[in-house]
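Asks: Please read through the structure below; I'll follow up with questions.
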């Protein structure tokens, strides 16, 4: 029963079984949920969900690694948490949401420096840590782009 719960939760209710780019599909689903469920725009709720996903991801990711090996691609709860972290505190709108998706996927796939190092933590900790760091880097990157656009009067002032 414990392993079944871990499979369901770690794969975001089966999204992780998508045959092509399950991490990207989960990230898109996270953005769509954020965009169409207005209460997710509230940072305290969104950060609470990130924390909940993180704890569930550490637990379920550790169990999934025991069965499927190191950081199995079907485990996508890390993308959900990381993408939601990338969206936290951003202005609501299609451009910030799209930028957060692009930057999050970039940092999650390219794994620059600390993101790569974070994935080496043992078990579910490594599964979750690199995506949370990628989400944080994505969030900061979106703010930088929005500030640059505002400077050139292409986005409302921040």
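Values in this text are rule-based calculations from the coordinates and carry no lab data. If you're wondering where the values come from, they're calculated on a predicted model, not measured in any experiment. Positions of Cβ are backbone-derived with ideal geometry, glycine not excepted, and every protein chain shown enters the neighbour counts.
Asks: Just want to confirm a number: the relative contact order over segment 21-151, from Cα pairs under 8 angstrom separated by 6+ residues, in percent.
Replies: Working: 183 pairs, mean separation 38.7, N = 131.
Once normalised by length, the contact order is 30 percent.
Asks: I'd like the orientation of helix 43-68 relative to the chain: the angle between its Cα long axis and the longest Cα principal axis, in ° from 0 to 90, rounded to 10.
Replies: So the helix axis and the longest Cα principal axis differ by about 30 degrees.
Asks: Right, something else. Volume per residue, Å³, of the convex hull around the alpha-carbon atoms of segment 21-151? Spell out each step's value before the answer.
Replies: Working: hull volume 12.0 nm³, N = 131.
Hull volume over Cα atoms, normalised by residue count, gives 91 Å³.
Asks: What's the center-to-center distance, using Cα atoms, between segment 1-45 and segment 109-155 in Å?
Replies: 18
Asks: Counting only helical runs of four or more DSSP H residues, what would the 222 nm mean residue ellipticity of the chain come to if each run contributes -39,500 (n - 2.57) and the total is spread over all its residues?
Replies: Values: 7 runs with 113 residues, N = 158.
Per the formula, -24000 deg cm²/dmol.
Asks: Additional query: Using packing as a proxy for protection, rank 135-142, 15-22 so that the peptide with the highest average count of other Cβ atoms within 10 Å comes first.
Replies: On the way: 135-142: 21.8, 15-22: 15.2.
So the order, starting with the most tightly packed, is 135-142, 15-22.
Asks: Still on this model: What length, rounded to one decimal in nm, is gained on full extension from residue 71 through to residue 21, with 0.36 nm per residue of separation minus their alpha-carbon distance? Please report the intermediate quantities before stating the final value.
Replies: Numbers: separation 50, 0.36 × 50 = 18.00 nm, distance 1.43 nm.
In short, 16.6 nm is gained.
Asks: While we're here: Provide the FRET efficiency to the nearest 0.05 for the residue 4-residue 106 pair, computing r from the beta carbons and using R0 = 35 Å.
Replies: After rounding, the FRET efficiency stands at 0.55.
Asks: Working from Cα positions, state the angle (0 to 90°, nearest 10) between the long axis of helix 94-110 and the longest principal axis of the chain.
Replies: So the helix axis and the longest Cα principal axis differ by about 50 degrees.
Asks: Turning to a different aspect of this structure: What do you get for the angle between helix 123-151 and the principal long axis of the chain? Use alpha-carbon atoms, 0 to 90 degrees, nearest ten.
Replies: 10
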